[in-house]
Amino acid sequence: MTILRRRRTVIVALLALALGAGAFAFAAANTVPGSTAGSGSGAISGYTISGVAYTVNSTTPTNLDQVAFTISPAAATTVKAQLAAAGSWYTCANAAGSVTCNTTSPQATVAAATQLTVVATQ
């Protein structure tokens, strides 16, 4: 009876080994296409903002409806402005260096406008 028991144990062990090898062979057959990665650097230069003008609301002069300014270089494609340190960011339109930012949504106020921060990208 011991020989029969050993034979069963050996058969079960061989079966387990075969299944394990098959699973490993299946997992090892994965392929991954080639890809690229890299890094680089480039100079970051700033923009010059000048001629800042604020437009107050004609009905409620404590509200600011717009801020306008000139940006140089004029090729900025995305321009955003913020009128307070933790205030809302307003999307601006740039027409050949003349930038206008509608500040009515949410409504900017004169009292909250403590600084002008401009972010621009090309």
> Quick one: what pairs do we get from segment 80-94, first residue touching a residue at least 12 places away in the same chain (Cβ under 8 Å), second open to solvent by 20 Å² or more (accessible area, probe 1.4 Å) and assigned to a loop (DSSP other than H, G, I, E, B), C-beta under 6 Å, 6+ apart or different chains?
Replying inline: L83/A113; A84/A112; A84/T114; S88/P106
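Can you say whether T60 is open to solvent by less than 70 Å² (accessible area, probe 1.4 Å), assigned to a loop (DSSP other than H, G, I, E, B), modelled with pLDDT of 95 or more and not acidic (D, E), as far as the supplied structure shows? Show your work before the answer.
Numbers: open to solvent by less than 70 Å² (accessible area, probe 1.4 Å): yes; assigned to a loop (DSSP other than H, G, I, E, B): yes; modelled with pLDDT of 95 or more: yes; not acidic (D, E): yes.
Yes.
Specify the residue that is surrounded by the most Cβ atoms within 10 Å (Cβ to Cβ); the eligible residues are those in segment 28-57 that are part of a loop (DSSP other than H, G, I, E, B) and more than 22 Å from the chain's Cα centre (by Cα).
That would be N57.
Name the residues in segment 99-122 that are touching a strand residue (DSSP E or B) at 6+ places or on another chain (Cβ under 7 Å) and over 22 Å from I44 (Cα atoms), would you? Full working, then the answer.
From segment 99-122, those touching a strand residue (DSSP E or B) at 6+ places or on another chain (Cβ under 7 Å) are 99-104, 107-110, 113, 116-121; that's our starting set.
If the condition is that a residue be touching a strand residue (DSSP E or B) at 6+ places or on another chain (Cβ under 7 Å) and over 22 Å from I44 (Cα atoms), then T100, C101, N102, T103, T104, Q107, A108, T109, V110, A113 are the ones that fit.
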> Does V67 meet the test of being farther than 14 Å from V119 by Cβ and touching a residue at least 24 places away in the same chain (Cβ under 8 Å)?
Replying inline: no
> When segment 78-111 is examined, which residues are found to be of a type outside the set (S, T, Y) and open to solvent by less than 50 Å² (accessible area, probe 1.4 Å)?
Replying inline: V79, A81, Q82, L83, A84, G87, C92, N94, G97, V99, C101, A108
> So G22 fits all but one of (1) open to solvent by less than 60 Å² (accessible area, probe 1.4 Å); (2) in a loop (DSSP other than H, G, I, E, B); (3) modelled with pLDDT under 80; what number is the exception?
Replying inline: (2)
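The values are calculated or read from the model by the stated rules, or taken from the named source; none is laboratory data. None of these values were measured; they are calculated from a predicted model. Positions of Cβ are backbone-derived with ideal geometry, glycine not excepted, and every protein chain shown enters the neighbour counts. Please note that ligands, DNA and RNA were not included when accessible areas were found on the heavy atoms of the full protein model with its side chains. Shrake-Rupley method; radii C 1.70, N 1.55, O 1.52, S 1.80 Å.
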